[in-house]
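Structure record follows, encoded as structure tokens.
The values are calculated or read from the model by the stated rules, or taken from the named source; none is laboratory data. Keep in mind the model is a prediction, meaning the values are calculated, not measured. Note: ideal-geometry Cβ built from the backbone for every residue, glycine included; neighbour counts use all protein chains shown.
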Amino acid sequence: MGKILVIVSVALAALAAAPAAIAADVEPVVTPGPFDAPPAFPARRVYGEPVYVPGPLEAPPAFPAVKPYNWTGVYVGINAGAGWGRSTWTSTPDATSGSVDISGGLIGGTLGYNLQTGDPFVLGGEVDIAASSFKGSVPAATCGPNCAISSPWLATARLRFGYAFNTILPYVTVGVSIGHLVASISGEPLGIERANNLSWTGGFGVEFVLQGPWTAKVEYLHVDLSGLTCNFACNGPVSMNFNENIIRAGINYRIWRN
């Protein structure tokens, strides 16, 4: 009877140890010591794919680097603003001259292209045309009461040279301007004289990314529109020159990008 009890006890002990031995063959069990940190939860992985577990003194993996913004592409936009300027004048019949303030606003559209070749320098070209309300009054005695000079529209074609700070692009710009000038005696419906003048413009600004393909800009432009000589319509000749200082804001949408 005693031998039977010994045999049964040995068999039960062997059966109890078998699952532990099988589990130990499949995946070893590590029991942390009293001063060890508890083991991390095992990472889920695809069969056959190695699992990297950082050591206790290793830093966690860094986040992937964010790709810098690239300004290359074609864009369209709208802009609006206001400004001030001066008109210098000379009246030949009464040998008088002077200068007067002009002011007004404008609103128009923009088409442009930027090229960024992997470094922070951005080269671009931009054209725009705007309806304008810039005007002033020239108090020449021959005009009686005065001569009105105005610019109903303005267009520019400019180069832009920028230095990108990722999504912020400060720039300088220079190019040509085309302005339409109108002069006559104030209140006279007839005898208006007009001129389309090609001259120059220059300025600076900053453009920044709003979201996705949308950007916004703020810029200053000095526009020289040369002038015109008003003859019959101003009881002249009365020569008038015209320049503008414009501050405007715009929103652009990039329709093609690199």
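When you check Ser150 against the structure, is it free of Cβ contacts under 8 Å to residues at least 24 places away in the same chain, of a type in the set (S, T, N, Q), surrounded by 13 or more Cβ atoms within 10 Å (Cβ to Cβ) and over 20 Å from Arg257 (Cα atoms), yes or no?
no
In region 230-250, of all residues being crowded, with 16+ Cβ neighbours inside 10 Å and of a type in the set (Val, Ile, Thr), the one that is modelled with the highest pLDDT corresponds to Ile246.
For region 207-258, which residues satisfy the criterion of being of a type in the set (D, E, K, R) and in contact with a His (Cβ under 9 Å, 6 or more places away or on another chain)? Selection gives Glu244 alone. Scanning region 113-129 for residues that are surrounded by fewer than 21 Cβ atoms within 10 Å (Cβ to Cβ), in a strand (DSSP E or B) and of a type in the set (Gly, Ala, Ser) yields a single hit, Gly125. Taken as a whole, the structure places Val223 among residues that are more than 30 Å from Pro68 (Cβ to Cβ), of a type in the set (Val, Ile, Thr) and either outside any loop (DSSP other than H, G, I, E, B) or in contact with a Lys or Arg (Cβ under 6 Å, 6 or more places away or on another chain) (or both). Would you point out the residue of region 130-146, among those that are out of contact with any Cys (no Cβ under 6 Å at 6 or more places or on another chain) and assigned to a strand (DSSP E or B), that is farthest from Pro213 (Cα to Cα)? My answer is Ser137. For region 73-102, a residue qualifies if it is modelled with pLDDT under 95 and of a type in the set (S, T, N, Q), and the qualifying residues are Ser87, Thr88, Thr90, Ser91, Thr92, Thr96, Ser97, Ser99. Out of (1) surrounded by fewer than 18 Cβ atoms within 10 Å (Cβ to Cβ); (2) outside any loop (DSSP other than H, G, I, E, B), the odd one out for Gly104 is which? Only one criterion in (1) surrounded by fewer than 18 Cβ atoms within 10 Å (Cβ to Cβ); (2) outside any loop (DSSP other than H, G, I, E, B) is unmet by Gly104, namely (1).
Has region 147-160 got any residue that is out of contact with any Asp or Glu (no Cβ under 7 Å at 6 or more places or on another chain), at positive phi, at pLDDT 90 or above and assigned to a strand (DSSP E or B)? Looking for residues that are out of contact with any Asp or Glu (no Cβ under 7 Å at 6 or more places or on another chain), at positive phi, at pLDDT 90 or above and assigned to a strand (DSSP E or B), one finds none in region 147-160, hence no.
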